[in-house]
1. For the range 134-248, take the alpha-carbon Rg, divide it by the Kirkwood Rh, and send me Rg/Rh.
2. Enumerate the helices in the chain for which the Kyte-Doolittle hydropathy averages 1.0 or more and the C-alpha atoms extend at least 24 Å along the helix's axis, using complete DSSP H runs.
3. Would you mind checking which residues have amide H under 5 Å from Gly143's amide H? H placed 1.01 Å from N; only 5 or more apart, or other chain.
4. Kindly flag which residue pairs out of Lys60/Lys180; Lys60/Lys246; Lys30/Lys180; Lys30/Lys126; Lys113/Lys246 have an alpha-carbon separation exceeding 22 Å in this structure.
5. Listed highest first by mean packing, meaning other Cβ atoms within 10 Å per residue, what order do 137-147, 63-73 come in?
6. Over the alpha-carbon set of the range 160-220, divide Rg by the Kirkwood Rh and report the Rg/Rh ratio to two decimals.
7. Counting only protein heavy atoms, what percent of the accessible surface of the range 18-166 is carbon or sulfur at a 1.4 Å probe?
8. Could you tell me what fraction of 2.2 N^0.38 Å the Cα radius of gyration of the chain comes to, as a two-decimal ratio?
Amino acid sequence: MVGYLIHYICIFHTKCKGVVLQTDRVVVRKFESADYPDVERIFIDGLMEMVPDTAFRGLKHHPESLLLYAAMTIVCFIATKSFLLTCLVPLAVLCARCYYSRRVALGYLERAKLTDMGDIEGHYMKTPDSCLWVAVLEGSVVGLVAACALRGEAGTVELHRMSVDRRCRQRGVGVALGRKVLQYAADRGYLSVVLGTTAYSPAAHQLYQTLGFRCVGVTKGYATPGVSWSVPEQLFYRVSHHHYRKDMTVHNTNTHSQQ
């Protein structure tokens with residue numbers, strides 16, 4: 001659900017100074033324990049924004065679901081002969097999609113809190129080949145992003161947990177965070193950076209493409225962590241998982257050097 005959380009329109013200028021990446025007034029630095037309340041709030045807010053994105057915007061991306069809901073509407077009219085009840089079917093469908101999208105999001109959140117987001121220090125800051133950064137704008141933490149070596153695929157790092165405070169979008173925060181991960185990968189000699197997103201927002205995909213990522217595949221009916229696969233969830237919750245990759249240009253032969 002990574003990438004899943006960015007709305008982006010901006011013009012940027014990037015400077016690199018040591019381990020700090022600055023875009024305009026945005027400074028990206030390593031996570032500190034005092035940042036946790038802001039990081040948790042931004043992560044949760046971004047995750048919950050996925051609810052309407054999945055329930056409403058995502059509907060047009062799944063024609064099989066539209067056909068199913070249309071069939072349900074027709075069956076309702078045949079069975080009841082009531083225009084009123086038939087007109088209520090689409091409303092009931094949208095409410096069900098919103099309910100189950102929120103239910104899955106909460107399940108995903110609970111899972112995240114029991115794993116990496118519940119122990120950022122241990123999972124990212126004290127573990128080799130992983131890190132989490134925050135974006136600071138005007139003295140406040142306004143975004144986060146993490147990088148972690150991808151298991152089972154040597155030379156590849158995954159960008160995930162990217163989220164930006166909704167009040168600070170369109171100010172280059174997403175670009176600064178993304179470029180920090182790319183800088184991290186280049187400094188350590190990784191061959192590629194990957195990410196996955198279930199976001200349907202065009203702005204999110206535009207951000208990844210602006211950073212140089214290309215979509216290399218789409219998984220239809222993706223099993224989001226937190227899904228119980230009950231019959232109602234299968235009816236009213238369905239997402240596509242977009243896979244993005246950026247191949248890095250390695251400038252030196254020292255792989256996985258210390259940052």
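1. Details: Rg = 15.5 Å, Rh = 15.4 Å.
A ratio of 1.01.
2. On the way: long enough: 36-55 (29 Å, 0.10); 63-80 (25 Å, 1.59); 83-114 (47 Å, 0.87).
What comes out of the filter, once short or polar helices are dropped, is 63-80.
3. Ala135, Asp165
4. Numbers: Lys60/Lys180 34 Å; Lys60/Lys246 28 Å; Lys30/Lys180 10 Å; Lys30/Lys126 12 Å; Lys113/Lys246 29 Å.
The pairs that break the limit, which is 22 Å between Cα atoms, are Lys60/Lys180; Lys60/Lys246; Lys113/Lys246.
5. Details: 137-147: 21.0, 63-73: 13.9.
With the highest mean Cβ count within 10 Å placed first, the list reads 137-147, 63-73.
6. On the way: Rg = 12.3 Å, Rh = 12.8 Å.
Checking Rg against Rh, the ratio lands at 0.96.
7. On the way: 4690 of 7500 Å².
Taking all protein chains in place, the range 18-166 shows 63 percent carbon and sulfur surface.
8. Working: Rg = 20.3 Å, N = 259, 2.2 N^0.38 = 18.2 Å.
Cα Rg divided by the expected 2.2 N^0.38 Å: 1.12.
The values are calculated or read from the model by the stated rules, or taken from the named source; none is laboratory data. Quantities reported herein were computed from a predicted structural model and do not represent experimental measurements. In this analysis, Cβ positions are derived from the backbone assuming ideal geometry, glycine residues included, and neighbour counts consider all displayed protein chains. Side chains included, ligands, DNA and RNA excluded: accessible areas come from the protein's heavy atoms. Shrake-Rupley method; radii C 1.70, N 1.55, O 1.52, S 1.80 Å.
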